[in-house]
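The values are calculated or read from the model by the stated rules, or taken from the named source; none is laboratory data. Source: prediction; values computed, not measured. Cβ placement follows ideal geometry from the backbone for every residue including glycine, while neighbour counts extend to all protein chains displayed. These area figures cover heavy atoms from the full protein model, side chains too; ligands, DNA and RNA do not enter into them. Shrake-Rupley method; radii C 1.70, N 1.55, O 1.52, S 1.80 Å.
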Amino acid sequence: MSDEKKSFSLPMANPEAAAAAARTRAEGGDILSEIDKEVSENNVVLYMKGLPDSPMCGFSARASAILQSYGIPFFAVNILADQEKREGVKVYSKWPTIPQVYIGGEFLGGSDILNEMHESGELAQAIKAAFGQ
Amino acid sequence: MIEPDAIVAKIQAAIPDAIVEAHDLTGTRDHYEVIVISQAFEGLTRIKRHRLVYEALHEEMKAAIHALTLQVYTPTQWEQAQ
């Protein structure tokens, strides 16, 4: 077994250790580790084009408006300002489009799924659960 | 840019029973709304359904398609939605 495989299997066997090991690039981690840290440390994360006050794409604007309608804090990341993260987040989730929403550390989906879950009431449930309500 | 018929063909190649409609939203052949109805979606989560379609359009998603909004249904769900 290679060392690479060993080091990969250890954090998988212990999710808490994996979260603890997640590091930003500034802390010496790679881009996937940084994304892992962002989605594990924030209840709701939105990777978008632009920012909530100045969205640069209709889908991102809609996703941001939906999340804002719940009156909860969410962590918004402008991927247009970070080319490495723009590509990294697609690899992280194996999802080819942006925006991307993460709730409670889990990938929820893109703007179509967010919209459907908003309309069905499932998003309200997921947000409540993520905030421990 | 990609023609709507090419999108339909790509998806049907990957999901043979799929009924597919591709609507050009902007007239520029790169912003599309795509509706896919297939028995293959039965029992799959939303994420898995969307991934099936994205995988079928893997090459096109890199450049030809700039924006894609997806609606995916099983035949039963499609009937209920009408």
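Which of (1) surrounded by 12 or more Cβ atoms within 10 Å (Cβ to Cβ); (2) closer than 19 Å to A:Met117 by Cα; (3) among the hydrophobic types (A, V, I, L, M, F, W, C) is the odd one out, the single condition B:Ile65 does not satisfy?
Condition (2) is where B:Ile65 drops out.
If I filter region A:105-124 down to residues being among the small types (Gly, Ala, Ser) and farther than 15 Å from A:Ser40 by Cα, which single residue comes out as nearest to the other protein chains (Cβ to nearest Cβ)? Walk me through how you get there before you give the answer.
The initial filter retains those residues of region A:105-124 that are among the small types (Gly, Ala, Ser), namely A:105, A:109-111, A:120-121, A:124.
Next cut, farther than 15 Å from A:Ser40 by Cα only: A:109-111, A:120-121, A:124.
Numbers: A:Gly109: 6, A:Gly110: 7, A:Ser111: 7, A:Ser120: 10, A:Gly121: 14, A:Ala124: 16 Å.
Among those that are among the small types (Gly, Ala, Ser) and farther than 15 Å from A:Ser40 by Cα, it is A:Gly109.
Of all residues in region B:1-45, which are open to solvent by 70 Å² or more (accessible area, probe 1.4 Å) and either within 11 Å of chain A (Cβ to nearest Cβ) or more than 12 Å from the chain's Cα centre (by Cα) (or both)?
Matches in region B:1-45: B:Met1, B:Glu3, B:Pro16, B:Asp17, B:Leu25, B:Thr26, B:Arg29, B:Gln39, B:Glu42, B:Gly43, B:Thr45.
Pick from A:Ile127, A:Ile72: which is modelled with pLDDT of 95 or more, more than 13 Å from chain B (Cβ to nearest Cβ) and part of a loop (DSSP other than H, G, I, E, B)? Steps first, please.
Details: A:Ile127 fails: part of a loop (DSSP other than H, G, I, E, B).
Result: A:Ile72 is the single residue among A:Ile127, A:Ile72 that is modelled with pLDDT of 95 or more, more than 13 Å from chain B (Cβ to nearest Cβ) and part of a loop (DSSP other than H, G, I, E, B).
Which condition from (1) part of a helix (DSSP H, G or I); (2) under 21 Å from A:Leu114 (Cα atoms); (3) β-branched (Val, Ile, Thr) is the one that B:Ile7 breaks?
Single failed check for B:Ile7: (2).
Out of B:Glu21, B:Glu59, report the one residue that is among the acidic types (Asp, Glu) and in a strand (DSSP E or B).
Details: B:Glu59 fails: in a strand (DSSP E or B).
Checking each option against the conditions leaves just B:Glu21.
Given the condition surrounded by fewer than 20 Cβ atoms within 10 Å (Cβ to Cβ) and either away from chain B (no Cβ under 14 Å) or more than 26 Å from B:Leu68 (Cβ to Cβ) (or both), answer yes or no: does some residue in region A:89-104 qualify?
Yes, there is a match, as at least one residue in region A:89-104 is surrounded by fewer than 20 Cβ atoms within 10 Å (Cβ to Cβ) and either away from chain B (no Cβ under 14 Å) or more than 26 Å from B:Leu68 (Cβ to Cβ) (or both).
Any residue in region A:48-64 that is within 12 Å of another protein chain (Cβ to nearest Cβ) sitting within a Cβ distance under 6 Å of a residue that is in a helix (DSSP H, G or I) and among the basic types (Lys, Arg)? List the pairs, counting only those 6 or more apart or interchain.
Close Cβ pairs satisfying both conditions: none exist.
Taking into account only those residues within region A:29-69 that are in a loop (DSSP other than H, G, I, E, B) and among the charged types (D, E, K, R), which is surrounded by the fewest Cβ atoms within 10 Å (Cβ to Cβ)? Before you say what the answer is, go through the steps one by one.
To start, the set of residues in region A:29-69 that are in a loop (DSSP other than H, G, I, E, B) comprises A:29-30, A:42-43, A:49, A:52-53, A:56-57, A:69.
Next, from what is left, pick out any that are among the charged types (D, E, K, R): A:30, A:49, A:53.
On the way: A:Asp30: 13, A:Lys49: 20, A:Asp53: 7.
Selected residue: A:Asp53.
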